[in-house]
Amino acid sequence: MMELGLPLIPVVDNATSHLLASAFVGIIMCRAVYILTGYVSVLCFKGYDKLSYKQKMEWNNRGFSTFHALFAASLSLYLLLYSDLFKEDPQDGLIINNYSFLSNSVLGISIGYFLTDLAMILWFYPVLGGLEYLLHHGLSLFSQFLAVISGCGQIYILMVLFTESTTPFVNLRWYLDVAGEKNSKLYMYNGVMLFFGWLVARILLFIYFFVHMYIHFDEVSMSPSSPVILGQIPGLVSSSGVVWLFFQVKTIFPLGLCTLLTVPPMLTMMNVFWFWKIAKGMVKTLSKSRQSQVHNHIQ
């Protein structure tokens with residue numbers, strides 16, 4: 001069921017209350033993990049007490065950032081690959097319009113995370129990140145908000161959310177640097193994993209994203225007519241009783257379609273820029289490691 005909601009945005013039943021509740025859960029989750037990270041770090045890392053106030057703040061912030069990344073990436077992967085939510089079955093309607101309680105909850109909790117992190121970035125600006133982080137979080141929040149409220153395009157939003165799987169490697173790199181382990185093998189191995197993880201999750205996945213969206217933008221699909229299809233999906237019925245479905249991206253409401261066509265390319269440009277910096281850092285780290293091995297061999 002759809003009801004007329006915000007201007008230009010169709011609102012599904014109970015979406016607003018579900019969004020507020022799950023976002024609140026996300027905010028509480030971030031706060032709890034922030035505090036827990038501090039307690040655990042005191043017990044497990046002797047140098048934690050020697051960190052400055054801002055370093056401790058960022059240390060704890062990256063704790064709930066890592067937790068959210070693991071939570072969001074794992075559930076996004078489940079919803080995309082292992083659940084039946086986005087299977088391409090004409091009897092179930094267009095997959096571009098598919099959503100569930102779990103998918104709305106994941107996106108809502110993620111919105112709570114992005115709100116919390118954005119608030120901290122602004123409060124401690126620019127310690128936790130510059131303008132590029134504000135842009136990234138703003139675009140993510142707006143896209144996820146539209147997806148939950150309208151129930152449209154969640155398959156693509158979850159693809160983008162899965163890119164958070166690279167965040168633990170980014171955070172571990174920062175932790176090792178602060179801990180004085182920049183020359184360790186773990187730092188080097190993590191850098192290599194970050195490079196390949198970023199390549200797969202933020203470069204190759206986005207290529208698949210755009211190819212998938214292009215193929216399904218105005219694809220026409222044929223299926224046997226049925227009351228379910230005729231009642232839910234716009235199409236044309238031929239004299240032979242076959243329904244030709246207009247499938248599927250272009251059926252999104254105008255603001256959602258505009259967002260889907262503009263936000264991912266912007267995120268892609270940011271990912272490519274960061275990937276270039278990661279590649280430079282990995283080459284630099286590997287070069288230092290090789291020089292150190294040569295030096296030790298000579299001695």
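The values are calculated or read from the model by the stated rules, or taken from the named source; none is laboratory data. Since the model is a prediction, treat every value here as computed from it, not as a measurement. Glycine also receives a Cβ, built like all others from the backbone with ideal geometry; neighbour counts cover every protein chain displayed. Areas reflect the complete protein model, heavy atoms only, side chains present, ligands, DNA and RNA absent. Shrake-Rupley method; radii C 1.70, N 1.55, O 1.52, S 1.80 Å.
Would you mind getting the accessible area per residue of region 23-102, heavy atoms of the protein chains only, 1.4 Å probe, in Å²?
57 Å²
Calculate, for Lys288 and Tyr53, the FRET efficiency according to 1/(1 + (r/R0)^6) with r their C-beta to C-beta distance and R0 25 Å; round to the nearest 0.05.
It comes out at approximately 0.20.
Contour minus end-to-end for Lys87 and Trp123, with contour as 0.36 nm per residue of separation and end-to-end as the Cα-Cα distance?
Extra length available between Lys87 and Trp123 comes to 8.7 nm.
Give the peptides 175-187, 43-55, 74-86, 191-203 in descending order of average Cβ contacts within 10 Å, highest first.
The peptides rank, most packed first, as 191-203, 74-86, 175-187, 43-55.
Modelled label-to-label distance, Leu102 and Ala279, 7 Å Cα→beta-carbon offset: nm?
Distance between label points: 3.7 nm.
Beyond a 32 Å Cα-Cα separation, which of these cross-linked pairs lie in this structure: Lys56/Lys288; Lys87/Lys280; Lys87/Lys284; Lys54/Lys280?
Lys87/Lys280; Lys87/Lys284
Work out, in µm²/s and without decimals, the Stokes-Einstein translational diffusion coefficient of region 27-165 at 4 °C, 1.567 mPa s, Rh from Kirkwood over C-alpha pairs.
80 µm²/s
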